[in-house]
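Note sheet for the following structure.
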Amino acid sequence: MNAPPPHLLDTPVFDNSFAALPDAFYTRLAPHPLRAPYVVAISDEVAGVLELPAALLGSPEFPEIFSGNRLLPGSDPLAAVYSGHQFGVWAGQLGDGRAHLLGGLRNAQGHWEIQLKGAGRTPYSRGADGRAVLRSSIREFLCSEAMAGLGIPTTRALCIVGAEQPVRREEIETAAVVTRVAPGFVRFGSFEHWASRNRPAELKLLADYVIDTFRPACRQAPNPYAELLSDVARRTGELMAHWMAVGFMHGVMNTDNMSILGLTLDYGPFGFMEAFDAGHICNHSDDQGRYTYRNQPHIAQWNLYRLADALLPLIGRPSEAQAAVDEHYGAAFEGKFEQLMRAKLGLRAGLADDEAFVGETFGLLQQHRPDFTQFFRALSTLPAEPDPGNAALADAPLRDLFVDRSACDAWLANWRARLAQTPWPEAERQAAMLAANPRYILRNWLAEVAIRQAKEHDFSEVQRLLTCLRRPYDEQPEYAAYAALPPDWANGLAVSCSS
């Protein structure tokens, strides 16, 4: 048996910066024990970020620690309070209903807070059991790491620990705990909570904590709180651009699910675009279609206005609060989105009419519904100047995604004309496009296969997917099946807020 190094368990390792805030910001409580926990999956990459010893990963103590059964020295577990707007409606107090913040680790790679999701009921559970199930835990674990592989700002996931403990959802499922890792878990709703209660002292404490811990440069601005909002707006705009460019849909962009640090936070009913539809609803619970793919940039801005409302007592003037959003969000989103789309289309340098061409491209996708990821990946391999007598064969990887191949041919002619305006060496262009257009995304059917096997205690598919999704831009022939279109049985898969 490989025992963990004594120093890891016998000396304090946590830096509890959030716990230094007053008690009103959280409730201190230990996670609820999970009977006979076992390891489902570990991200060795995140373990490396945390500088956890390899001996700990394989030790019997590991599932005990990351189920919440055993606390590391210096850990001061707590559940944070926050409020928020859910589906556009003020929901009042929410909070970490099933998440326990164990504390933070500080090392040469940064400051990392460690949070257990699914570790039992807290005062903010609103009558729920505080547990997560294996199904949703696998989805969050894999998508957190998939997004990191895609280069998109995100919380990370260290591991999943499971147990045979029953949990009732639509049916009886088994319990699991995901260990989430991020520099911080403060949300837009964390600020809304204090503003809604007219508690300016606590609002200021939280803003000062975020500035001093994560954004110290804001302190140099004439109005640090307006600068903080500007920073959040910029980061959120860039995050939305990343989501849209890769076809990611969050599914439940409530203000309590928006990170103040510009990270993708809370993986619930997410999805990646397959057959393109800008109006696609990935969350079965979203009856009104508030969180469709096309709405995400608008909703993010709406959420930023709610954050601006919350920060107004600190910023002072409504016009300055609104300007912090208006002058930074749109520019950040549009600038990053144009940059990402030029890379996806292989455009070496920007031209004035590129916005129109990007719009034309999305019009083609909307009308003909090819698979979003396959479209751009196939495009990456096409020649800029095909042999006129062999063009149909050269373009087959893309044309075969269309029923109306003539529409594809017409668009390709425009694409090649645009490439010719800013030419670059063929091999260099194709390599750049392949580095901008992933071959692999976490398709719902892939996650479903891994979940079904995991329910039979076969966790190998979770690990295989994790390995593949770490390098989504590489060809990886051994995982070629993961790039395929959904099988017929997967067409009816639905994902909701239930977890």
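Brief remarks on what is shown
- Among the conditions (1) of a type outside the set (K, R); (2) under 29 Å from V178 (Cα atoms); (3) part of a helix (DSSP H, G or I); (4) touching a residue at least 60 places away in the same chain (Cβ under 8 Å), I211 misses just one, which is (4).
- Residue match in the stretch 233-241 (condition: in contact with a Lys or Arg (Cβ under 6 Å, 6 or more places away or on another chain) and closer than 26 Å to H298 by Cα): yes
- The residues on offer are L142, L150, and the sole one that is more than 17 Å from G268 (Cα to Cα) and out of contact with any strand residue (DSSP E or B) (no Cβ under 6 Å at 6 or more places or on another chain) is L150.
- Identity of the residue in the stretch 420-433, among the aliphatic types (A, V, I, L, M) and surrounded by fewer than 19 Cβ atoms within 10 Å (Cβ to Cβ), that ends up farthest from the chain's Cα centre (by Cα): A420
- Restricting the stretch 156-167 to residues that are in contact with an Asp or Glu (Cβ under 8 Å, 6 or more places away or on another chain) and not hydrophobic (A, V, I, L, M, F, W, C) leaves a set whose member that is nearest to F272 (Cα to Cα) is R156.
- Of all residues in the stretch 37-95, those being in a strand (DSSP E or B) and closer than 18 Å to I160 by Cβ number 5.
- Matching residues in the stretch 164-180 - criterion: being among the hydrophobic types (A, V, I, L, M, F, W, C) and surrounded by fewer than 22 Cβ atoms within 10 Å (Cβ to Cβ): V167, I172
- Search result, residues across the stretch 57-70 that are among the hydrophobic types (A, V, I, L, M, F, W, C) and surrounded by fewer than 18 Cβ atoms within 10 Å (Cβ to Cβ): L57
- Of all residues in the stretch 384-400, those satisfying the criterion of being at pLDDT 95 or above, surrounded by 14 or more Cβ atoms within 10 Å (Cβ to Cβ) and not aliphatic (A, V, I, L, M) are D395, P397, R399.
- Of all the listed residues (E360, E327), the sole one being under 26 Å from C408 (Cα atoms) and of a type in the set (D, E, K, R) is E360.
- Restricting the stretch 53-74 to residues that are closer than 17 Å to L158 by Cα and touching a residue at least 60 places away in the same chain (Cβ under 8 Å) leaves a set whose member that is farthest from the chain's Cα centre (by Cα) is L72.
- Count of residues meeting criterion [among the basic types (K, R) and either within 30 Å of R470 (Cβ to Cβ) or in contact with a Cys (Cβ under 7 Å, 6 or more places away or on another chain) (or both)] in the stretch 170-210: 2
- Wholly enclosed helices (runs of 4 or more DSSP H) of the stretch 293-383 bearing at least 1 residues closer than 19 Å to M249 by Cα and modelled with pLDDT of 95 or more: 296-315, 329-345, 354-368, 372-380
The values are calculated or read from the model by the stated rules, or taken from the named source; none is laboratory data. Not measured: the values here are computed from a predicted model. For neighbour counting, all protein chains shown are included, and Cβ atoms are generated from backbone atoms with ideal geometry for every residue, glycine included.
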